[in-house]
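Everything below concerns the one structure shown next.
The values are calculated or read from the model by the stated rules, or taken from the named source; none is laboratory data. Being a predicted model, the structure only gives us computed values, none of them experimental. No Cβ is skipped: glycine too gets one built from the backbone with ideal geometry, and neighbour counts run over all protein chains shown. When the accessible area is computed, the model is the full protein with side chains, heavy atoms only, and any ligands, DNA or RNA have been set aside. Shrake-Rupley method; radii C 1.70, N 1.55, O 1.52, S 1.80 Å.
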Amino acid sequence: MNPGLHIVILAAGKGTRMRSALPKVLQPLGGRPMLAHVLERARTLSPATITVVVGHQAERVRAAVGAEDLRFVEQVEQKGTGHAVSLALNGQEFSGRVLVLYGDVPLIPLQDLEACLQGEADLVVLGAEVPDPRGYGRLVEHPPGHLERIVEERDADAAQQRIRRINTGILCAPAADLQRWLAAGETEAARRAGEWYLTDVVATARTEGRPVALVMSARPEAVLGVNDRLQLVGQERLYQREQADRCLRDGLALADPARFDLRGELKFGEDCFVDINVVFQGSVRLGDRVHIGPGCELRDVVVEDDACIHAYSVLESSVLGPGCEVGPFARLRPGARLDAGAKVGNFVEMKNSTLGPGAKASHLTYLGDAEVGPRANIGAGTITCNYDGAHKHRTRIGADAFIGSNSSLVAPVTVGDGATIGAGTVLTRDAPPDALTLARAPQQTLTDWERPRKVPKAGGDSGDPQR
Ligand code: UD1
Ligand code: MG
């Protein structure tokens, strides 16, 4: 633990520019709230305390990220970043330094934070040089390299607007000093009848003759605050690209790192291949030599060695055994399990069902609440009728069974080992093993039947459809 370090995270703002019912700091980035990314970094620094300032939809923010190691302070009225930090420090006897992080600067590199904490100076500000400084506070240096003050964009004159060195918002200062400097900022804000800026502490510290250090970010693109959806998608792409690069370095073959989305955790063995536009969510584990075709979505899935998921398949909370094949266009809903070498083909949906080793459902099938035995073959168009409108029932299909195409298996029902079900059967009673069972109207041919014909109207339409 770092006993001399206290972290304050600002997360009270509404994020008006997002135009969203969701508070800004809960907007997802890589499938997790922006604030969760900031907390992850904060925890890596092992501070003595972490205080999160919440305000807009405080309860919702607290519920989303709440944990034992966090202290929440409510800022009922958002009077500015200075006010927010001041509330976090009020009544606290913090000894040592305070590091202020922003809930809307989610990808802040650890290396930048470490650089800020290394400085000997009393006040350390993290800046960044960017090609487009619009929307951010500008660093006014005098002489160059010596931070004099920070000017918010709305207060900047034309010359200051041209400054491309911006304030990331992140700063570090001794707790007692910061409290005093903030108080001066409150007076200034009241005088201006405006927002209480955290950034005013720079000018105040300088007036006291205290040193102010400026640390410039090593990765300016990663410290940009997110205020609107354009900036959010910018950070999302940056994050996804970082993850794709990491996967590539760790030996995952990606068809295109720019068309890869990981919104959770992905583990993989050797020689796995992921085609374009695959989305991974939750926790996904791939064995060795797994192949995933384009456009697939996998959420909380385990895929064992040599399995292949063909294009445009959607899998959730499912397990694929070794050598399985799924898709194209398959949907595996929660509780689908395929044992070794099983196969699910196009337009097949499975839910809470298992396919034994080598079993196949190759086309157009619904398997719900079903257990299919080893090597069984499920014909095209087979439906397990598992729901009677009130309850779910199970279907059991034995080993080596053969279900003819377009059969409806009305659950609860059991098909014995080695049984054959004739095509088009509506099975309502159990089918015994090793026999043919079929339930369909017998076929007949009527040779004396005549096709009806229209009688032609006098002088009008002949009524002949072939005309
Ligand atoms: C702020 C900085 C600006 C910097 C930019 C970097 C100030 C005055 N300006 O501007 O110099 O370039 O960040 O991204 O600090 N918040 C509260 N309580 C409040 C107001 C804000 O908790 O009363 C939180 C917000 O939820 C957000 C963060 O503080 O997470 C920053 O607030 P925001 O309104 O986005 O400030 P910027 O205009 O981006
Ligand atoms: Mg901001």
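Is it the case that some residue within the stretch 130-149 is within 10 Å of ligand 1 (Cβ to nearest atom) and part of a strand (DSSP E or B)?
The answer is yes; a qualifying residue exists.
Condition check ((1) within 9 Å of ligand 1 (Cβ to nearest atom); (2) within 22 Å of Asn2 (Cα to Cα)) across all residues:
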site	(1), (2)
Val25	yes, no
Thr51	no, yes
Ala58	no, no
Gln75	yes, no
Gly91	no, yes
Gly96	no, yes
Tyr102	yes, yes
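Condition check: outside any helix (DSSP H, G or I), surrounded by 13 or more Cβ atoms within 10 Å (Cβ to Cβ) and more than 13 Å from ligand 1 (Cβ to nearest atom). Does Arg241 satisfy that?
For Arg241, the condition - outside any helix (DSSP H, G or I), surrounded by 13 or more Cβ atoms within 10 Å (Cβ to Cβ) and more than 13 Å from ligand 1 (Cβ to nearest atom) - is not met.
What's the number of the condition Val290 fails, among (1) in contact with a Phe, Trp or Tyr (Cβ under 8 Å, 6 or more places away or on another chain); (2) free of Cβ contacts under 8 Å to residues at least 12 places away in the same chain?
Of the numbered conditions (1) in contact with a Phe, Trp or Tyr (Cβ under 8 Å, 6 or more places away or on another chain); (2) free of Cβ contacts under 8 Å to residues at least 12 places away in the same chain, the odd one out for Val290 is (2).
Only one of (1) touching a Gly at 6+ places or on another chain (Cβ under 7 Å); (2) closer than 15 Å to Gly345 by Cα is not met by Ala419, so which one is it?
Just one mismatch for Ala419, condition (2).
Within the stretch 49-121, which helices (runs of 4 or more DSSP H) (wholly inside it) include 2 or more residues that are more than 22 Å from Val202 (Cβ to Cβ) and touching a residue at least 24 places away in the same chain (Cβ under 8 Å)?
Ranges flagged: 58-65, 110-118.
Hey, His291 hits all of (1) farther than 18 Å from Phe329 by Cα; (2) open to solvent by 40 Å² or more (accessible area, probe 1.4 Å) but one; which does it fall short on?
(1)
For the list (1) open to solvent by less than 60 Å² (accessible area, probe 1.4 Å); (2) without any contact (Cβ under 8 Å) to a residue 12 or more places away in the chain; (3) not hydroxyl-bearing (Ser, Thr, Tyr), I need the number of the one condition that Arg191 fails.
(1)
Determine whether Gly80 is open to solvent by less than 20 Å² (accessible area, probe 1.4 Å), within 16 Å of ligand 2 (Cβ to nearest atom) and on the phi > 0 side of the Ramachandran plot.
yes
For residues that are open to solvent by 20 Å² or more (accessible area, probe 1.4 Å) and within 16 Å of ligand 2 (Cβ to nearest atom), scanning just the stretch 28-77, find the one that is nearest to Ala190 (Cα to Cα).
For the stretch 28-77, the residue satisfying everything is His56.
Within the stretch 318-334, how many residues are small (Gly, Ala, Ser) and surrounded by fewer than 21 Cβ atoms within 10 Å (Cβ to Cβ)?
1
Determine if the stretch 437-447 includes at least one residue that is in contact with a Ser or Thr (Cβ under 9 Å, 6 or more places away or on another chain) and among the β-branched types (Val, Ile, Thr).
Within the stretch 437-447, one or more residues are in contact with a Ser or Thr (Cβ under 9 Å, 6 or more places away or on another chain) and among the β-branched types (Val, Ile, Thr).
Being in contact with a strand residue (DSSP E or B) (Cβ under 6 Å, 6 or more places away or on another chain) and either part of a loop (DSSP other than H, G, I, E, B) or open to solvent by 100 Å² or more (accessible area, probe 1.4 Å) (or both) is the filter here, so list the residues in the stretch 423-460 that pass it.
Thr428, Asp430, Leu436, Ala439 - these are the residues of the stretch 423-460 that are in contact with a strand residue (DSSP E or B) (Cβ under 6 Å, 6 or more places away or on another chain) and either part of a loop (DSSP other than H, G, I, E, B) or open to solvent by 100 Å² or more (accessible area, probe 1.4 Å) (or both).
Within the stretch 120-127, is there a residue that is open to solvent by less than 70 Å² (accessible area, probe 1.4 Å), away from ligand 2 (no atom under 14 Å from the Cβ) and modelled with pLDDT under 95?
Yes.
Mind checking which residues of the stretch 186-205 are in contact with a His (Cβ under 9 Å, 6 or more places away or on another chain), assigned to a helix (DSSP H, G or I) and at pLDDT below 95?
Those that are in contact with a His (Cβ under 9 Å, 6 or more places away or on another chain), assigned to a helix (DSSP H, G or I) and at pLDDT below 95: Glu186, Ala189.
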